[in-house]
Amino acid sequence: MNQIDAQGMAAQFAMYDIAGIEARNAYKLDVNTALQAALRDMRSGMNSLTDSLYKFTRPGTDFIQRSVSLGSEDYFSVTTSSDVTNVDIDLFVEQLAARHQTGFPTAVGDVNDEFATADGVISVEINGETVDIDLAAIDSDGDGSVSMAEFASAFNAELDGKATVSLVQSGGEIRMIFASDEEGAENSFTITGDGNTGIEAELAAMNASPITEGRDAVVWLGEQGSGLRLTNSSNTFENLVSGVNVSITRANEAGDPTTKLRVSADYQETRSALNEFISQFNTFMSAMDSITATGGDTEERGLLANDSTVRGIARNLESLMRGTFEGVSLYQVGIEIGRDGKVSVDADRFDDALLNMDVETILNGPDGLFKSLEDTIKGYSNSSTGDIQRKLDTLSQEEKRLNTEFDGIQRKYDMYYSRYLAQFNRVNTVAMEMANIASMFY
C-alpha cells in the first residue's frame, strides 16, 4: 500500500491555514513600504524647493538680478548690494594703494649674528603712534648684544597688527625687510635709534630710501585732473556709489581713456530666475496632486488620499502663492494661479511691478513670499521635528509590528505543520498495520 507524503501534505495544509492572515499582513506591509517611500519622495521634493529658495534668501543675496557692465576689466572689479540704484559713471585709476616697505642690509650671514649692542632704544613711528623697543630688555641670552632673530621676534610682538619684519637671505647675507601690515599713507612708518644703538645712521639711510612708500589708492570720477578725485587707504572703495563696491587692480597710464561702469536691474534675468523656481514649484505640486488624488473613473486613487496632513500641506503652499505680502497681493506683482492649479508669471505685470513696487521686499524680504515658503516647508520637512518625520516614525513602528506579526505567523505555521505531520504519520501507521493484517489472509 502506498504511503501518504506526510511532510508534503502537512506543509500544504499548514499553508492553507495561514494563507489568509499572511496575505493580509503582506498587503499591509506593502502599503506601509509604499507610504514611507511616498513620504520620503515628498520630503525630498520639499528639500529641493528649499534649496532653490535659499538661492534667494541666503544672506547677502538679492532676488532682483543686476547687470554690471564694464568698459574694460583690466583696472577694477565690482560687487553690488541690494541698495544699488542705476549707475552710469566713468572711472580713471590713478594709483593703487600700497604698503610701506623698507630694507635694512646687514653684513651678517646668520640670524643669530649681532644686529645691535644691547643698549639704547629703537623707536617706530606709525599711524601717529610711537612704539619703543628697549634693546637691553630683549637680550634674552644676556651676552650684551641683540641678534637678528631676537630683534625680529621683539619687533613683531610689539608691532603686532601694525608692521612686520622678515629676515630674508640674499647673496649670503641677511636682509631685514620691514613692512606695514595695512596699505595706505597713514600706515607709513619710520624706524630710528638713539645714540647708544650704534646703528642710527643705517636706520636713517633706510628711512630715506624705502622699497615702497605707503600710499593711498586714487581714482577719479571722470577724467584725471578734471573729475572728482577720491582717495582710500585700501584698494577697495566701499560704496563708491551707494551699493557699489569697486576693487581696483591696476593703474591707468597717463592719457588713458576712462573706463565706463554701468549697473542696472536686469528684468529678464530676474523674471527667468522666478520662472525657474515656479516651474519647480509646479512640478512639486503636481506630484502632491497625484499622491492625494481621490480617484475616479479616469483617475487612480493616490496613496495619501486619506491623509489630511498631506492634503493640508498642499493647501497651505497654494494659499501662500495666492497671498498678500507687505500689503501687496502676488497677483498685483504678476504671480497668479490658473484654473489648472499651475502658478505662472504675467511678464508685463511683473515688469511693471519691478518699476513701481518694492518687489525685492515683497518677495525676498524677512516677511516676504520666499521666507514664508521656506519657513513653512521646513516646518513639514525637518528631519527631526517635522510633520513628515513624525508620520515616518509612526509608519516605522507599524512596520516593526507587522514584521513581528510575521514571526507569529511563522510560529503558527510551525504549530499547524507539526500537528498535521503527526496526523498524517498516524494515518500512514494505521494504513501499514491494516495492510499487514490483510496480507495474513492471502
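None of the figures in this text is laboratory data; all of them are computed from the coordinates on show. Fair warning: this is a prediction, and the values are worked out from it, not measured in the lab. Don't worry about glycine lacking a Cβ; one is built from the backbone with ideal geometry, like all the others, and counts go over all protein chains shown.
Values for this structure:
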| quantity | calculated |
| --- | --- |
| Karplus 3J(HN,Hα) series, Hz, for the stretch 363-371 with 6.51 cos²θ - 1.76 cosθ + 1.60 (x for Gly, Pro) | 8, 10, x, x, 10, x, 4, 5, 5 |
| Shape call, the stretch 97-244: gyration tensor on alpha carbons, a/c limit 1.5 | prolate |
| At most 16 other Cβ within 10 Å, DSSP loop - trypsin sites (Lys or Arg not before Pro), the stretch 252-331 | 301, 322 |
| Cβ-based charge dipole, the stretch 1-140, positive-most Cα from 91, 18, 68 | 18 |
| Rounded D (µm²/s) - the stretch 1-61, Kirkwood Rh over Cα pairs, Stokes-Einstein at 20 °C, 1.002 mPa s | 131 |
| Per residue Cα convex hull volume in Å³ - calculated over the stretch 170-321 | 344 |
| Using θ = phi - 60° and Karplus 6.51 cos²θ - 1.76 cosθ + 1.60, couplings along the stretch 66-71 (whole Hz; Gly, Pro as x) | 10, 9, 10, 10, 10, x |
| Candidates per trypsin sites (Lys or Arg not before Pro) in the stretch 188-250, loop by DSSP, up to 14 other Cβ within 10 Å | 250 |
| For the stretch 296-344, alpha-carbon Rg relative to the globular expectation (2.2 N^0.38 Å, N residues) | 1.47 |
| Other-chain or far-sequence residues with amide H under 5 Å of residue 115's (modelled H) | 146, 147, 148 |
| Whole-angstrom Cα spans of the stretch 284-427 along principal axes, big to small | 95, 39, 18 |
| Members of 162/260; 342/378; 28/55; 55/391; 342/391; 28/342 lying beyond 31 Å, as alpha-carbon distances in this model show | 162/260; 28/55; 28/342 |
| Relative compactness, the stretch 30-144, computed as alpha-carbon Rg over 2.2 N^0.38 Å | 2.35 |
| Distance histogram in 5 Å bins (all Cα pairs of the stretch 242-349, percent per bin) | 2, 9, 14, 15, 13, 10, 8, 7, 5, 5, 5, 3, 2, 2, 1, 0, 0 |
| Base-10 log of normalised Debye intensity for the stretch 109-151 (one unit scatterer per alpha-carbon) at q = 0.25, 0.29, 0.33 Å⁻¹ | -0.79, -0.94, -1.09 |
| Percentage relative contact order, the chain, counting C-alpha pairs under 8 Å, at least six apart | 24 |
| Distant-in-sequence amide H partners of residue 95 (H built 1.01 Å from N, under 5 Å) | 218 |
| The stretch 183-312, dipole about Cα centre (Lys/Arg Cβ +1, Asp/Glu Cβ -1), debye to the nearest 20 | 360 |
| Pairwise centroid distance, computed over Cα atoms, of the stretch 374-442 with the stretch 270-346, Å | 44 |
| nm² value of the averaged projected area, convex hull over the Cα atoms of the chain | 46.9 |
| Check: the stretch 161-249 dipole with +1 on Lys, Arg Cβ and -1 on Asp, Glu Cβ, in debye | 160 |
| Dipole-positive endmost among 120, 157, 137 within the stretch 64-177 (Cβ charges, Cα centre) | 157 |
| The chain: angle of helix 308-321 to the longest principal axis, Cα-based, in degrees nearest 10 | 40 |
| If the convex hull is drawn through the Cα atoms of the stretch 243-290, its volume per residue in Å³ | 125 |
| Exposure proxy ranking, count of Cβ atoms within 10 Å, fewest first, for 121, 246 | 121, 246 |
